[in-house]
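Contents: one structure, followed by commentary.
The values are calculated or read from the model by the stated rules, or taken from the named source; none is laboratory data. Remember, predicted model here, so these are calculated numbers, not experimental data. Note that each Cβ is placed from the backbone with ideal geometry, even for glycine, and that neighbours are counted across all protein chains shown. We work out accessible area using only protein heavy atoms, side chains counted, and drop any ligands, DNA or RNA first. Shrake-Rupley method; radii C 1.70, N 1.55, O 1.52, S 1.80 Å.
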Amino acid sequence: MNLKNQLCCLLAAVSFPAAIFAQNIAITTDHVALVYQVDTNKQLQQVYLGKKLSSASVYRDVNPGYRNENATLNTAYATGGATYLNEPAIAVQHADGNRSLVLDYISSQTKNIAPDVVQTDIQLKDPAYPFFVTLHYKAFQQEDIIETWTTIWQEEKGAVTLDRYASAFINIAWPQNYLTHFYGEYEKEMEPYQSLLQPGIFSIQSKLGVRTAANYNPSFLLSPASDVSETSGEVLAGTLAYSGNFNIQFENLKLNIDMGNNLKIIPGINAYASAYELRPGEKFETPRFIFTYSNTGRGQVSRNFHHWAIDHGIWNGHQKRLTLLNNWEATYFSFNQDTIAGLFDGAKQLGLDLFLLDDGWFGNKYPRNNSRAGLGDWQANKRKLPGGVGYLVKEATARGLKFGIWIEPEMVNPASELYEKHKDWLMIAPNRPEHLYRTQLVLDLINPKVQDFVFGVIDSLMQQAPGIAYMKWDCNRSMDNAYSPCLGKKQNALYVRYTQAYYKVLGRIRAKYPDLDMMLCASGGGRVEYGAMKYFNEFWPSDNTYPKDRVRLQWTTSYFYPALTMCAHVTAAGRESLKYKMDVAMSGKLGFDIVVKKLTEGELSLARTTVDNYHRLQQVISYGDLYRLISPYATNFASLMYVNGSKTRALVFAYSQETMQQDTWPEWKLQGLDPKKHYRIKEINLLNDTRPQFPESGQVFSGETLMAQGLKWYLKKSETSSVLELEAM
Ligand code: DGJ
């Protein structure tokens with residue numbers, strides 16, 4: 001190095017505190033590490049993401065060869081308009097019109113915020129403007145989950161426009177990237193698609209405004225190899241907790257000399273029609289991106305999500321979920337007080353906890369006898385329910401049942417008194433005709449009066465009938481021609497403000513009704529994501545209740561969401577036996593949507609046995625560790641199991657889907673047991689006099705045998721199922 005260069009280096013070194021160059025900012029859990037380092041240009045660089053190493057000091061430096069020339073290779077939060085020329089995490093227009101943003105490292109703090117949770121906050125600032133970004137990381141130690149998000153604020157001389165504001169910017173250094181994402185349509189939610197990412201940008205996103213997970217769930221699995229399995233291979237799994245328009249971009253830069261050969265994952269609010277005017281002093285917080293990593297396959301990432309969700313991600317994760325009888329597929333809109341009360345006895349006969357009254361109970365001037373009328377008029381229909389909701393609650397209570405009710409409070413039918421009274425509450429673009437979908441429109445929830453109205457729907461039901469224990473909150477259309485009359489000419493951040501309003505209302509409801517159980521529904525699984533699940537106990541994954549389809553859909557849903565959140569109802573759909581249907585539903589949160597009176601005596605008795613078994617084993621299913629054993633996407637069979645924390649009890653579900661003559665029986669090795677323990681196997685969900693399909697029922701095997709040698713597969717016919725209970729001796 002010549003003298004001039006040496007002098008430059010020396011000057012660079014003295015102009016900043018030496019400590020920040022050497023310092024690794026390591027965000028770690030028990031097994032995962034995400035490590036940052038500050039380079040000589042004060043730029044925060046990601047130096048590592050993967051398996052946690054033995055100590056914070058062993059993570060290597062940023063490659064010094066690149067340091068000064070190109071500070072953008074592994075940037076922690078890429079900024080737009082300056083030197084980074086690919087997809088940025090953040091792009092703004094400063095108050096003076098300058099569209100370039102530079103973020104220098106300022107400081108970082110790490111502290112324990114709960115026994116299992118360590119939070120790191122990294123402060124960044126534009127050197128030329130009072131514009132600030134804090135990157136937050138909450139590291140859940142045992143769960144191996146990192147939640148990350150950002151807070152953005154500014155003290156410039158006027159508003160700054162945020163054009164993009166991602167929740168995170170994650171660099172992946174694998175040579176190839178196999179992405180699995182989950183595409184969905186009505187009754188076909190969570191279909192997995194795996195592909196090798198090509199150079200370019202791939203994105204999963206929503207512009208639906210509400211019901212935003214209807215096409216793509218905001219979740220993904222990423223691996224460096226295509227043959228990742230449940231038990232082997234590296235997986236990075238992520239999900240965005242956001243109920244509005246989202247965008248998760250994967251920009252694959254291959255051998256890009258300027259920008260490196262990394263994959264950049266950029267999850268956040270969709271920038272489409274969402275420029276946000278940030279006033280001086282105002283703080284904007286982005287939604288949380290939740291991710292985990294495993295080098296032992298997909299099973300572990302799911303268990304990580306499940307543990308985190310139960311403890312931190314969903315409403316009342318440790319409260320026992322209620323088994324229920326729902327009337328939707330049994331009656332649709334045609335019912336009255338007597339038919340509903342008549343169904344209560346069925347719920348009681350099955351031994352269920354709750355009866356859920358679905359759509360069709362409200363509207364007087366415009367009775368809700370089909371989906372074309374009544375939405376918005378949340379008073380019980382006097383002809384159908386002369387005694388009101390209170391009467392039904394009383395009748396249910398008298399039979400020892402809890403009572404739940406359906407609502408869709410963000411929506412309105414033009415045939416409603418609400419519509420007649422409040423045209424100013426409708427989301428309709430000026431000079432555009434009303435575009436109805438399911439004959440309904442979206443209300444302008446951004447308007448505080450509409451927020452009061454929506455809160456009031458729940459509040460007044462609870463006042464009238466305080467015994468209501470459960471609500472199913474539905475949402476059956478997306479937002480189009482989006483325009484909020486209350487925002488006037490400032491429509492820019494409409495989608496963002498709608499979602500903020502949605503959370504505000506949910507927050508009010510939760511503050512007043514913490515013990516009310518709530519099911520999240522949006523034409524099935526259109527709102528399944530963790531932004532809303534912070535307020536909900538469980539969700540309705542799909543209106544598709546065909547059991548063989550459910551085996552697949554519940555399999556993919558279980559990658560991210562635990563069994564206690566996943567409502568699974570036995571319905572008339574499908575020609576499979578009642579046993580098969582119940583064995584499928586029991587692996588999620590069990591419910592029924594049938595006319596119990598139509599069951600034969602034998603069926604009723606089997607159903608009662610199954611419900612009793614579910615209640616007896618609900619702890620294992622709800623809180624046990626899930627192991628997916630045989631994939632319905634790879635074979636004509638499926639199997640999964642739950643093991644309780646002390647490994648003393650497990651429950652194995654096995655299904656033969658549409659088997660064929662030439663099928664070979666799957667290898668069926670159990671997982672998650674204690675190899676040293678011995679387990680008695682018992683086939684359950686059988687009537688007393690029925691022979692088990694699994695002849696080894698009653699025998700004892702060691703955990704080691706069950707995991708190494710496995711079980712024999714006896715379900716050779718299509719549409720047959722077994723549930724095996726394992727008890728440690
Ligand atoms: C759509 C839901 O997914 C169904 O379960 C049912 O509640 C209907 N809406 C009622 O309109």
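Some values worked out for this structure:
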{"item": "Within the accessible area of the chain (1.4 Å probe), percent carbon and sulfur", "result": "51 percent"}
{"item": "Alpha-carbon Debye profile of the range 324-623, log10 I(q)/I(0) at 0.12 Å⁻¹", "result": "-0.80"}
{"item": "Mean-position separation - Cα centroids, the range 390-432 and the range 192-231, in angstrom", "result": "35 Å"}
{"item": "Nearest-20 debye value, the range 324-623 charge dipole, Cβ charges on Lys, Arg, Asp, Glu", "result": "340 debye"}
{"item": "The range 626-728 - Rg over Rh from alpha carbon coordinates, Kirkwood radius", "result": "0.95"}
{"item": "Peptides ranked, highest mean first, by Cβ atoms within 10 Å: ranges 105-114, 356-365", "result": "356-365, 105-114"}
{"item": "Most to least packed among 226-233, 295-302, 374-381 [average Cβ atoms within 10 Å]", "result": "374-381, 295-302, 226-233"}
{"item": "Per residue, the convex hull volume that the Cα atoms of the range 165-302 enclose (Å³)", "result": "124 Å³"}
{"item": "Solvent-accessible ranking of 647, 490, largest area first, probe 1.4 Å", "result": "490, 647"}
{"item": "Contour minus Cα-Cα distance for residue 633 and residue 462 (0.36 nm per residue)", "result": "57.2 nm"}
{"item": "Three-way shape call for the range 477-560 based on the alpha-carbon gyration tensor, with the a/c threshold at 1.5", "result": "oblate"}
{"item": "Area accessible to solvent at residue 234, 1.4 Å probe radius, in Å²", "result": "60 Å²"}
{"item": "5 angstrom amide H check on residue 357, placed H, neighbours 5+ away", "result": "404, 405, 406"}
{"item": "Anchor residue 716: lysines whose Cα lies under 18 Å away (excluding residues fewer than 8 positions away in-chain)", "result": "548, 579, 581, 669"}
{"item": "Acute angle (nearest 10 degrees) that the helix 298-308 long axis makes with the longest principal axis of the chain, alpha-carbon atoms", "result": "90 degrees"}
{"item": "Rounded to 10°, Cα long-axis angle of helix 547-557 versus longest principal axis of the chain", "result": "30 degrees"}
{"item": "In order through the range 127-142: 3J(HN,Hα) via Karplus (6.51 cos²θ - 1.76 cosθ + 1.60), integer Hz, x for Gly, Pro", "result": "x, 9, 9, x, 10, 10, 9, 10, 8, 10, 9, 9, 9, 8, 4, 6"}
{"item": "Burial ranking of peptide ranges 545-555, 185-195 (average Cβ count within 10 Å, highest at the top)", "result": "545-555, 185-195"}
{"item": "Cα radius of gyration and Dmax for the chain (Å)", "result": "27.4, 95"}
{"item": "Listed residue pairs exceeding 21 Å between alpha carbons, taken from 348/534; 138/512; 320/472; 157/283; 207/512", "result": "348/534; 138/512; 207/512"}
{"item": "Prolate/oblate/rounded call for the range 97-209, Cα gyration tensor, a/c under 1.5 rounded", "result": "oblate"}
{"item": "Cα-based helix-to-principal-axis angle, 3-15 vs the chain, degrees rounded to 10", "result": "50 degrees"}
{"item": "The range 462-490 residues near the modelled residue 435 label - backbone nitrogen below 11 Å, point 7 Å along Cα→Cβ", "result": "478-483"}
{"item": "Beta bridges by DSSP in the range 324-623, antiparallel share as percent, to the nearest 5", "result": "15 percent"}
{"item": "Calculated FRET value between residue 394 and residue 319, using beta carbons and R₀ = 25 Å, to 0.05", "result": "0.55"}
{"item": "Pair residue 612, residue 225: separation of 7 Å Cα→Cβ label points (nm)", "result": "4.8 nm"}
{"item": "Within the chain, helix-based [θ] at 222 nm, where runs of 4 or more DSSP H residues each add -39,500 (n - 2.57), nearest 500", "result": "-6500 deg cm²/dmol"}
